[in-house]
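Inspection log for the structure reproduced underneath, given as structure tokens.
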Amino acid sequence: MLSRLIDPVLGKRISALAFPIAVAMLTQTGINVIDTIMVGHLSPEYSIAGQTAIGISLILLWAIGGTISTMLAVGTQALSARRFGEGDDHAAGQIFNHAALCSIVISVLATAVVLLTLDLVFPRIHSNPRVVELGVEYSQYRFFGLLSMVITIVYKGFFDGIGRTKVHMTAAITMNCVNVILNYGLIFGVGPFPQMNVAGAGLASLIATYVGLAVMIGFTVVPKTRTRFRLYRRSGYRWSITRNVVRVGVPGGIATLFLMTGFAFFLSIVARLDMDIIAAATRELPEYVNMPLSIFASQPDSVWTQNLKLQVIDANPPIYSAATKVIMDVMTVIAVTCIAIGQATATLVSQSMGGGEGTLAERYGWTAARIGMVIMTAVAVVIVIVPESTTRLFNPEPDVVEAGKQALRMMAASAPVVAVGMILMQSLFGAGETAFVMVAELILHFFCLVPVAYLFGIVWNGGMVGVWGAVLLYVILLTSAMVWKFASGTWKTRRI
């Protein structure tokens, strides 16, 4: 039955490349997920606001680091795979050399800008002062790791492009092991480590990312690899190569920026649900009875007094934002698995096109999409049946579990649709069709996800199910766009 649905030969090739990528990406994603889980088991004083803070911090990190990483990694993978498929190892190595140098310059500049503006940006996404306090502490550590994040993903793009997907898997596993140990020590204050709570999770992740980068560098200095691809050569720099890497990757980077910006707006809408609870509780106090919600959101010192914080904010933690972080983590694991299959497929698509086999490239895309559907259908069934147990893995607080239960069930059911969309999106990246993905993300995020979430969740009082219903609509429309573009076959004539 399964062999009729999935071509066994192509499926085996896709799986061989995808398995190490999936392990690596899930392991790397595990750094963020483990931060959430461990912080979720702190006292309620830190756990609920802390998980919300981490969620916002990671959106900011990916809005900046993810944009730069995607811009350079997509170009690096697509071009190195194409040159490797053409049999030109030296040209593939040149792609890496130029992308690595570019990544260092851009990420250092971005780190400086973000650290100088972090205190101003964070409160505009979530107005709960406890969330802002914990989030800024955590974010500062994570943004010092922006350099290692960007360069590591460029290394990954190169090695994935030449078919050596186990390299990043090894680095990611090492990185995650370090993160687990340091997280446990620095969050809870175990052994010689001080108890840093949420900030400890950020410091642990910072150290772990540089360990992962060191492992990636180790693979490139092996004489056989370094000589074959002429890595780290000082001579032969050509601006045209850097420009080509950026040209191919920029639309993908902009698509990532749209994605993260859209979700930042989305989180601010969810935060409105939490602020409504705080405003309602505050209006029960005589001195605040007639004060509008907009005043609370602006956080003037005259409103957020110490007495008000104790009576209202600490008594009403952001349960909807924390539940949203849990749902986002679950969906991230699902999406990352699909993206891993898609990135393996992108390599095969690009190499096939480099060898002049457009039809084979198309078959790889559809086969991978079917593989993803099968895997994610099984995952969806489990989560739909036991959404409460899934949430408790991240946060055992009953209010958080109840707040997100129905929305998690709804989103888990969409996992097979997510699989098709993510895999075909990555396949289009491999073909160099990045501009289409960028435009699709722009339209759907700012004309569907954000306004519909506000309409469903706030205007029509749909709450969590309403705002996440907007995400479900976004997923369906995005997947439809990717299926339409891939089925059109116009990407098979694109040269990069």
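For the chain, what does -39500 (n - 2.57) per DSSP helix run (n ≥ 4), summed and divided by total residues, give at 222 nm, in deg cm²/dmol to the nearest 500?
For the chain, the value works out to -26500 deg cm²/dmol.
To the nearest 20 debye, what is the magnitude of the charge dipole of the chain about its Cα centre, counting +1 on the Cβ of each Lys and Arg and -1 on the Cβ of each Asp and Glu?
Working: 33 positive and 25 negative charges, 484 e Å.
In debye, rounded to 20, the chain gives about 2320.
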*Helix 415-430 versus the longest principal axis of the chain: what angle, 0 to 90°, nearest 10, using Cα atoms?*
50
*Among Gly358, Val450, Val121, whose Cα sits farthest toward the positive end of the charge dipole of the chain (+1 at Cβ of Lys/Arg, -1 at Cβ of Asp/Glu, about the Cα centre)?*
Gly358
_How long are the semi-axes of the equivalent ellipsoid of the range 430-496, defined as square roots of 5 times the Cα gyration tensor eigenvalues? Whole Å, largest first._
31, 10, 7
_Need the C-alpha centroid separation for the range 209-225 versus the range 1-55, integer Å._
23
*Any chance you could run the full-extension gain for Asn244 through Arg495? It's 0.36 nm times the residue separation minus the Cα-Cα distance, nm to one decimal.*
89.2 nm
*Compute the Cα gyration tensor for the range 81-124, then decide on rounded, prolate or oblate, letting a ≥ b ≥ c be the square roots of its eigenvalues: rounded whenever a/c is under 1.5, prolate when a/b is larger than b/c in the other cases, and oblate in all that remain.*
prolate
_Cα-based helix-to-principal-axis angle, 198-220 vs the chain, degrees rounded to 10_ = 10
*May I ask for the angle, rounded to the nearest 10°, between helix 239-282 and the longest principal axis of the chain, with both axes built from Cα atoms and the value confined to 0 to 90°?*
20
*So what is the orientation-averaged projected area of the chain, using the convex hull of its C-alpha atoms, in nm²?*
23.3
*Take each of the peptides 257-263, 78-84, average the number of other beta-carbon atoms within 10 Å over its residues, and list them starting from the highest.*
78-84, 257-263
*asked:* Suppose the chain between Thr117 and Glu45 were pulled fully straight at 0.36 nm per residue; how much longer would it get relative to their current alpha carbon spacing?
replied: 23.3 nm
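Peptides 29-36, 380-387: what's the order by average Cβ count within 10 Å, highest mean first?
On the way: 29-36: 22.0, 380-387: 16.2.
Highest-to-lowest ranking by the protection proxy: 29-36, 380-387.
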*Where a Cα-Cα gap under 20 Å defines reach, which aspartates and glutamates qualify for Lys325, not counting those fewer than 8 residues away within the same chain?*
Asp35, Glu45, Glu133, Glu137, Asp274, Asp276, Asp314, Glu388, Glu397, Asp399, Glu402
*Extending each Cα 7 Å along its Cβ direction at Thr377 and Leu455, get the distance between those two points in nm, one decimal.*
3.2
*Efficiency of FRET between Val190 and Ala214 - r from beta-carbon atoms, R0 22 angstrom, step 0.05*: 0.35
_Quick check on my link table: of Lys224/Lys492; Lys156/Lys405; Lys156/Lys492; Lys156/Lys485; Lys224/Lys485; Lys405/Lys485, which ones sit more than 30 Å apart, alpha carbon to alpha carbon?_
Lys224/Lys492; Lys156/Lys405; Lys224/Lys485; Lys405/Lys485
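Fully extended, how many nm does the chain gain between Glu388 and Val105 (0.36 nm per residue separation, minus their Cα-Cα distance)? Before the final figure, lay out the partial values.
Values: separation 283, 0.36 × 283 = 101.88 nm, distance 4.50 nm.
The Glu388-Val105 span can extend by a further 97.4 nm.
FRET efficiency for Gln406 and Lys166, Cβ-Cβ distance as r, R0 = 35 Å, nearest 0.05? Could you put the intermediate results ahead of the total?
Numbers: r = 40 Å, r/R0 = 1.14.
For Gln406 and Lys166, the calculated efficiency is 0.30.
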*Provide the packing ranking of 393-401, 16-24, 418-426, 113-121, i.e. peptides ordered by the mean count of other C-beta atoms within 10 Å per residue, highest first.*
418-426, 16-24, 393-401, 113-121
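What is the magnitude of the charge dipole of the range 348-409 about its Cα centre, with +1 placed on the Cβ of each Lys and Arg, -1 on the Cβ of each Asp and Glu, and no other charges, expressed in debye to the nearest 20? The partial results should precede the final answer.
Values: 5 positive and 6 negative charges, 39 e Å.
For this selection, approximately 180 debye.
Calculate, in whole percent, how much of the Cα-Cα pair population of the range 6-62 lies beyond 19 Å. Please list the in-between numbers first.
Working: 799 of 1596 pairs.
I get 50 percent for the Cα pairs in the range 6-62 exceeding 19 Å.
Bear in mind that the values in this text are calculations on the coordinates, not laboratory data. Keep in mind the model is a prediction, meaning the values are calculated, not measured. A quick note on method: Cβ atoms are made from the backbone with ideal geometry, for glycine too, and the neighbour counts reach across all protein chains shown.
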